[in-house]
């Protein structure tokens, strides 16, 4: 500890602290622009100059290390003189266009100019003009306003992992720009808008639509990935105008992924379903809620009466709120059916019998920082979980060594030390190889149940390297990504992951696909005893489906099978915020339920954290919160226990009113015999399906600005050069892909980041829905 | 009145830069002496300390002391860098050292590497003197072939790999930490200090950076002893120094003299003021050094302490001589334009301030000055000085402050009369170049 006196206040600070840290601790505000607690120190704006005893000149607080006994004045005459001097320099070339600047009212330069600027300028020459840059569809530029603090540059380099911006030219001609003719394509790009202390970088979708002081700031929680980022939703005239991060060091820190930030645009989409609709005699008609709900209740009742309770089932989106999931499962169980599932994109349910508790990350998110070994199995980590990948990236800088087993090797912008690039069908054997090598490395026997399987596999060099690396660590975790969860041998992969974690005394976790993947398990949105899982419900179509927040062609493991099952069903009730085009064909009732901004709700994130939120705007049109719709439906069906006045009451019931309810139910470990089935059968190549981040849920699919980004480009048929040669196709060629379920045409792309013998074809997209299952064998044929 | 040449001694053939000529002049004898007599690194540093050698690049920091900052027991790689990025207007000595006597630098660096335990070194050569860079590469090849560089130097365990690296002409890359960034392949922008290069230099490893002339002096210190070198100059100002004399003199060029030589002698060596005109002002240490009026300058001796006492800096030893035909406003305008163009743009006061200074001086020069402009210049320079990451801000400010201080009346005349105090025909005659009608 070091002692420092700041503005007359003596405090103790940690070794290695800067004067800025100490000032923050002492409660003295030092004006600054380039300094940001999450970025490296640049010391280029010079605004934080302070007076230090015995120093001949003012020193920048952000970059000056504290020495014992140091005396600092942050607001002395000398300090303020230096700060005002810097402010004058910052302002001489800064345009006086605050009235038309989007940053006006939330501008650090504007705020500090009030305290440190003069009312008029001594600079009477012409001001600098800097041409704007096209950074893509999300970030707008007014580069003339730039003060060259390089926060955005450092963000792309240090946090997002790729230096997409830089400072070109010298002196007064210095400009912040992307590489020539490039845009900023990071999945975290929106954060540079928050970081920019002036109006040089602003939000393109939000631009000129409201002033910050006109909007109210309401807390919410992101409904997308399993992180559960905390949001500030800004609202004007009952419309969501903008989404900003709500700082939460334990989850999203001060960042948001672009998905969290810009998906709000979909809330105003033309595709919003605003009135209940039912189909009678083949014709769709808009009806009032009473009619619609009676139609649905009667349909369900008559189906149960005529075909038995086992003929109805609920397919619930893991992006739905805890309240909706709870009431939906309660309603199903009230009808007498255990056919409930929320794991819509999963294919292997063999672990269900042995699983207890909800699969979760196995550790708090913030503890990623303390790991020194991480094995990821089957994941598109960077795109599936942008901010979790960011945490791993930071940890990797401090010594975390990351290994990967899976069929994909796209750049995560962080060092992956060891990588076993294997086809999905070989992942199990590869992972078994890691277990085998690890067991030898740490001299612990393999668990009895899987010992025979493991003994029979060969250890590949990659598996050996991964095992050696894991064995040398002291704090390890094994994570199963979305690809592993959707894998046809998911339970067996998990079994081996558990074994690896056991051998190194590490933790094992399932990252989880959606905002409420954990919550859905906790409230029982999974089949109970005798119930059918999602695959089963679609394999042998039911008479009636209650579908909540999911679309047949995008949100299921097999779009073709789902579509067929829905078309065959006597009654499909679709509850959602959007009018799905496909649902017009297969549904019988479409009930408009509120997206996350229009309802109170709760999500349980991947670390098991329960986060409740309130609606921030009124529901659009006739839209109603899902929990209210399900409550009324429960009442109409004559079921007990559907009398709730508030969403809170539903949450209390769902979580047993106990703070430990969720933590007691986290687990999700399986105990299964390892699958001896080959994961893929037939002649051709194995399909590797990513779920592109801007197609993953109904909301992002309809966010126009996100849809214009590179990440939303139409899927390609990606394969390595060997696979392309084997199938006789060239890069850029149009190819026909054929699976057991159907045929689609895509453009081929030679991509060495795909395992040999595989074709990577994204799911959740119109152009690939015809292929059916996300995994399995497909043939490739040039056109 | 005479030169006293060490580095430049015997450079009167066209092959003087070749290894064989250098060895014939006694080159590499210092390195051999260290090896043969098994002089310890500590003793080498002690000798350099004793010599009073001060950095020849501009700051004049005692070289031996700088060498002693290198952590002895550091486990990893340590680097040595030579700053041949000679960009200071008026300075052209390092170019000639590298052109005519490159092996003196190689020998000096090898000795320095031996003294500080550096495994690798780089000579960062200014981008606009590409022929010099190419010649240095050739000299390196000669030294390697002869066993003076590389592994097992002169058959010992001592190894030192030296590489030439050329910049692209940015003035800022002569700032030592910008130079390090540039060597690492990054944009040449100064680093914030601390940490200093001795603890965090090239690739984050301990690094010592010295000027070309500094290294070239080292062999003489080892050969003749630190004390002898010190006595060539005066106390605290040891050795000889090469002065690049330019401007209104009869024979502009590099002159190597003992430190402490009177300025008047140096001026006479350079052929005196051209055309018999009166001396008006001298910038004694490169464009960043404050200008001194003739009367002050004529009383100075050419050494660090004397020039410093007179209110300027010996700097890199670039002596810019201006006679009575010089318009000081125009001279300052040119200097300010240089700093405006060469500011790296990293930190605010320099990025914004250098342009402001230039524009105000430009305005005064072009008859659009305002009465408050001199106060404005002083105020802007005060806001730049001491507030920037590196010394470029100070370097841009000091000429402005000193010109205004010593020649304020010329600026006032310009502002008041919209024309120059020195008649245009006198200026034209003095510089033999056309000077615009307003000046």
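Derivation of every value follows stated rules applied to the coordinates shown; laboratory data play no part. Not measured: the values here are computed from a predicted model. Methodologically, a virtual Cβ is constructed for each residue, glycine included, from the backbone with ideal geometry; neighbour enumeration extends over all protein chains shown.
Computed over chain B with a Gaussian network model linking Cα atoms closer than 10 Å, the most mobile of B:24, B:170, B:318 is B:24.
Take every Cα pair under 8 Å whose residues are at least 6 apart in sequence, average their separation, divide by the length of segment A:264-385, and the relative contact order is 15 percent.
May I ask you to derive the relative contact order of chain A, considering only C-alpha pairs under 8 Å and at least 6 residues apart, and to give it as an integer percent?
Values: 1814 pairs, mean separation 103.7, N = 783.
Dividing the mean separation by the residue count of chain A yields 13 percent.
Can you bin segment B:300-439 into rounded, prolate or oblate? Criterion: square roots of the alpha carbon gyration tensor eigenvalues sorted a ≥ b ≥ c, rounded for a/c under 1.5, prolate for a/b above b/c, oblate for the rest. Oblate, because a/c is 1.5 or more while a/b does not exceed b/c. Modelled label positions at residue A:12 and residue A:671, each set 7 Å beyond Cα in the direction of Cβ, lie 5.0 nm from each other. Simple spin-label estimate for residue A:397 and residue A:440 gives 3.8 nm between the two label positions (7 Å along the Cα-to-Cβ direction from each Cα). Classify chain B: rounded, prolate or oblate, from the alpha-carbon gyration tensor (a ≥ b ≥ c, eigenvalue square roots; a/c under 1.5 rounded; otherwise prolate if a/b is larger than b/c)? In terms of gyration-tensor shape, prolate.
Temperature 37 °C, viscosity 0.692 mPa s: under these conditions the Stokes-Einstein estimate for segment A:35-125, based on its Kirkwood radius over C-alpha pairs, is 224 µm² per second. Extent along the principal axes, Cα only, for segment B:224-277: 42, 16, 13 Å, with the longest axis given first. The per residue volume of the convex hull around the alpha-carbon atoms of the protein assembly as shown is 207 Å³. For a modelled paramagnetic label at residue A:618, 7 Å from Cα along Cα-to-Cβ, the residues of segment A:267-283 in reach, with backbone nitrogen under 19 Å, are A:267-269, A:272-276. Calculated FRET efficiency, residue B:14 to residue B:224, Cβ-Cβ distance, R0 = 25 Å: about 0.35 to the nearest 0.05.
On a per residue basis, the convex hull of the C-alpha atoms belonging to segment A:154-244 measures out at 132 Å³.
Express the relative contact order of chain B as a whole percentage, based on alpha carbon pairs under 8 Å and six or more residues apart in sequence.
Relative contact order here is 16 percent.
For residue B:154 and residue B:186, what is the calculated FRET efficiency with R₀ set at 35 Å and r taken between the beta-carbons, to the nearest 0.05? Don't skip to the end; give the middle numbers.
Numbers: r = 36 Å, r/R0 = 1.02.
My answer for the efficiency is 0.45.
When Rg and the Kirkwood radius Rh are both evaluated on Cα atoms of segment A:630-783, their ratio Rg/Rh stands at 1.17.
Let me know the whole percent of all Cα-Cα pairs from segment A:494-570 that are separated by more than 15 Å.
Working: 1985 of 2926 pairs.
Considering segment A:494-570, 68 percent of its Cα-Cα pairs are separated by more than 15 Å.
Note on segment B:114-190: Cα Rg divided by 2.2 N^0.38 Å, N the number of residues, gives 1.22. Only Cα sites of segment B:38-176 enter the Debye sum here, all with the same form factor; the resulting log10 I(q)/I(0) across q = 0.11, 0.12, 0.17 1/Å is -0.41, -0.49, -0.99, listed in q order. With the simple spin-label model, which puts each label point 7 Å out from Cα in the Cβ direction, the residue A:714 to residue B:417 separation comes to 7.7 nm. Over segment A:684-733, the fraction of Cα-Cα pairs per 5 Å bin, rounded to whole percents and listed from the shortest bin up, is 4, 17, 22, 17, 14, 12, 10, 3. For the protein assembly as shown, DSSP calls about 50 percent of its internal beta bridges antiparallel. Note on chain B: with a GNM built from Cα contacts shorter than 10 Å, the maximum mean-square fluctuation among B:332, B:376, B:162 falls on B:376.
Determine the shape class of segment A:88-226: with a ≥ b ≥ c the square roots of the Cα gyration tensor eigenvalues, call it rounded for a/c under 1.5, and otherwise prolate if a/b is greater than b/c, oblate otherwise. Working shown, then result.
Values: a/c = 2.05, a/b = 1.22, b/c = 1.68.
The shape class here is oblate.
Extents of segment B:266-313, largest first, come to 30, 18, 17 Å (Cα atoms, principal axes, whole angstrom). Between residue A:298 and residue A:214, the contour length at 0.36 nm per residue exceeds the Cα-Cα span by 25.6 nm.
With the Kirkwood sum run over all distinct C-alpha pairs, segment B:230-389 has a hydrodynamic radius of 16.9 Å.
How big is the equivalent ellipsoid of segment A:240-331 along its three axes, where each semi-axis is √(5λ) from the Cα gyration tensor, reported in whole Å from largest to smallest?
Details: eigenvalues 267, 81, 19 Å².
Computed over segment A:240-331, the values are 37, 20, 10 Å.
With Cα atoms as the point set, segment A:399-441 shows a radius of gyration and Dmax of 11.4, 32 Å. Per the Debye calculation on segment A:304-431 with a single equal scatterer at every Cα and no solvent contribution, log₁₀ I(q)/I(0) for q = 0.11, 0.14 Å⁻¹ amounts to -0.58, -0.82.
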